[in-house]
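The values are calculated or read from the model by the stated rules, or taken from the named source; none is laboratory data. Model, not experiment: these values are computed from the prediction. When we count neighbours, we look across all protein chains shown, and the Cβ atoms used for this are built from the backbone with ideal geometry, even at glycine.
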Amino acid sequence: MDEPRAIAAADLKTGLQAEFERDVTAEDVIAFAGLSRDWNPLHSDEAYARQTNYGGRIVHGAFQVALASAMAGMYLPGREVLVGAFQCRFPAPLRYPSRVRVHGEITAWLPQPASGNLRVRIVELGSLTLTAEVQVSFTLHERRVGPAPQPAASIQREERRPAVLITGAGGGLGQNLVVRLCDSYQVLGMVRSASALPQAASHPGAEWVVADLNGTGWEAALERQLAGRRLYGLVHAAWPGGPLGGLLETEPDAVSAQVEFGGATTVRLAKFLRSQGGESARFVILGTTAATIKPVANMAAYSLGKATLEHAVRLLAPELARSNITINLVAPAFLPIGMNAAKTSRAILAETAKVPLGRLCSPDDVAGAVEYLLSERAAFITGQILPLTGGQL
């Protein structure tokens, strides 16, 4: 297959499948070793490998991951795919020469924000042995045709609508919030880098700003974009990922980065809103139940950073109240997007079973809570943590 399939986002759905077969030869494995510089003798030296418990050479695990990448990029979803993460297991060694079948199936698909999960299974056809199972987390990129979009500064603004800034607007929740809030507000979507724009900037009602909250100068960039407009609301959806592991095994710099983003960065955003918002503004932050409600031991630094975020909200509330600015945090339970997009179907079902309401929290649930906290109906609510748990204790 020389040209990748082009499956439109509207045609993607859970259960969609594709497969291909190919031979794996000694020449393939040696070529891969040359490209990767992985010359481990278990893969390349027959005399050495024959003396091991495998009794001969086996294919690199990364070679099989590359076959999963070929499934994603060429077959399913095809041309518009952008891989976000791989999760792999190798239940049996793949010996060569051999012939394999590579089978892919969409196990999760969220039209908004155009992200999903692809399960790839690799079977050695001589023995019908499953040698690899790869979970591929993916999103879709845009294919732009025609003139480039006008820069944000040239967009005609409707001054009658209040301006709302959304940080992390290129992420799954951020993109959903952009779409939901554009009907009621002038939305400024903030993304960390220009690489997030092709996917995020497709909504015509929003303006976009590239600025990194971890760096310096983002306040000036936002001021230029506001061009004198008052900032009514700030929805903080950005977060710098989450390292795996307990606190004792996580690098100190990684722990510090999580805590700083929950604390100091939140304070900087509050100062910016107070300077640009004047009287009567709204600050809504997206947190998680994995902070103080149900900390996650194997993502301890992440939970610590998010817990810092909650305390920042409580401590900032009385100070911001003097300027008639409210600050609140929405804490959703497990969401099948973002860092959870690569979860297996079994893991998704297990999380669903924990929710008394019988379904997982959705981006629309989060957006509804944010819309309420931005509204005048929430004018007397500040310093609060709003858990979206579906009845979980």
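Might you check whether a residue that is farther than 28 Å from GLY263 by Cα, outside any loop (DSSP other than H, G, I, E, B) and modelled with pLDDT under 65 occurs anywhere in the stretch 156-175?
Among the residues of the stretch 156-175, not one is farther than 28 Å from GLY263 by Cα, outside any loop (DSSP other than H, G, I, E, B) and modelled with pLDDT under 65, which makes the answer no.
What are the pairs, 6+ residues apart or on separate chains, where a residue within the stretch 109-129 that is assigned by TED's automatic domain parsing to the domain that holds VAL65 and crowded, with 20+ Cβ neighbours inside 10 Å has its Cβ under 9 Å from a residue that is of a type in the set (Asp, Glu) and assigned to a strand (DSSP E or B)?
LEU118/GLU105; ARG119/GLU105; ARG119/GLU133; VAL120/GLU105; VAL120/GLU133; ILE122/GLU133
Scan (1) touching a Lys or Arg at 6+ places or on another chain (Cβ under 8 Å); (2) farther than 17 Å from GLU310 by Cβ; (3) surrounded by fewer than 18 Cβ atoms within 10 Å (Cβ to Cβ) for the single condition SER375 breaks and write down its number.
For SER375, the exception is condition (1).
Could you tell me which residue of the stretch 176-225 is modelled with the lowest pLDDT, considering only residues that are more than 21 Å from SER115 (Cβ to Cβ) and among the charged types (D, E, K, R)?
For the stretch 176-225, the residue satisfying everything is ASP183.
Is it the case that ASN53 is over 30 Å from ASN340 (Cα atoms), polar (S, T, N, Q) and either modelled with pLDDT of 95 or more or not assigned by TED's automatic domain parsing to the domain that holds THR129 (or both)?
Details: over 30 Å from ASN340 (Cα atoms): yes; polar (S, T, N, Q): yes; either modelled with pLDDT of 95 or more or not assigned by TED's automatic domain parsing to the domain that holds THR129 (or both): no.
When the stated conditions are applied, ASN53 does not pass them.
Would you confirm whether any residue within the stretch 6-21 is touching a strand residue (DSSP E or B) at 6+ places or on another chain (Cβ under 9 Å), at pLDDT 95 or above and part of a helix (DSSP H, G or I)?
no
Can you pull out the residues in the stretch 226-252 that are within 14 Å of LEU188 (Cα to Cα) and surrounded by 19 or more Cβ atoms within 10 Å (Cβ to Cβ)?
Of everything in the stretch 226-252, those that are within 14 Å of LEU188 (Cα to Cα) and surrounded by 19 or more Cβ atoms within 10 Å (Cβ to Cβ) turn out to be LEU231, TYR232, GLY233, LEU234, VAL235, HIS236, ALA237, ALA238.
Per-residue answers, yes or no, for (1) of a type in the set (Gly, Ala, Ser); (2) in contact with a Cys (Cβ under 8 Å, 6 or more places away or on another chain):
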position: VAL296; (1), (2): no, no
position: ALA321; (1), (2): yes, no
position: LEU360; (1), (2): no, no
position: LEU388; (1), (2): no, yes
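Is there any pair with a first residue in the stretch 1-30 that is closer than 25 Å to PHE63 by Cβ and in contact (Cβ under 8 Å) with a residue 12 or more places away in the chain and a second that is assigned to a helix (DSSP H, G or I) and aromatic (Phe, Trp, Tyr) whose Cβ atoms are under 7 Å apart and which are 6 or more apart or on different chains, and what are they?
Pairs that qualify, where the first residue is closer than 25 Å to PHE63 by Cβ and in contact (Cβ under 8 Å) with a residue 12 or more places away in the chain and the partner is assigned to a helix (DSSP H, G or I) and aromatic (Phe, Trp, Tyr), are ARG5/TYR75; ALA18/TYR75; PHE20/TYR75; VAL29/PHE63.
Looking only at the stretch 31-68, filter to residues that are free of Cβ contacts under 8 Å to residues at least 40 places away in the same chain and of a type in the set (S, T, N, Q); which one of those is farthest from ALA92 (Cα to Cα)?
My answer is SER36.
Pairs needed: first member in the stretch 368-392, free of Cβ contacts under 8 Å to residues at least 40 places away in the same chain; second member anywhere, surrounded by 15 or more Cβ atoms within 10 Å (Cβ to Cβ) and small (Gly, Ala, Ser); C-beta distance under 7 Å; at least 6 residues apart or different chains.
From residues that are free of Cβ contacts under 8 Å to residues at least 40 places away in the same chain, the pairs are TYR372/ALA378.
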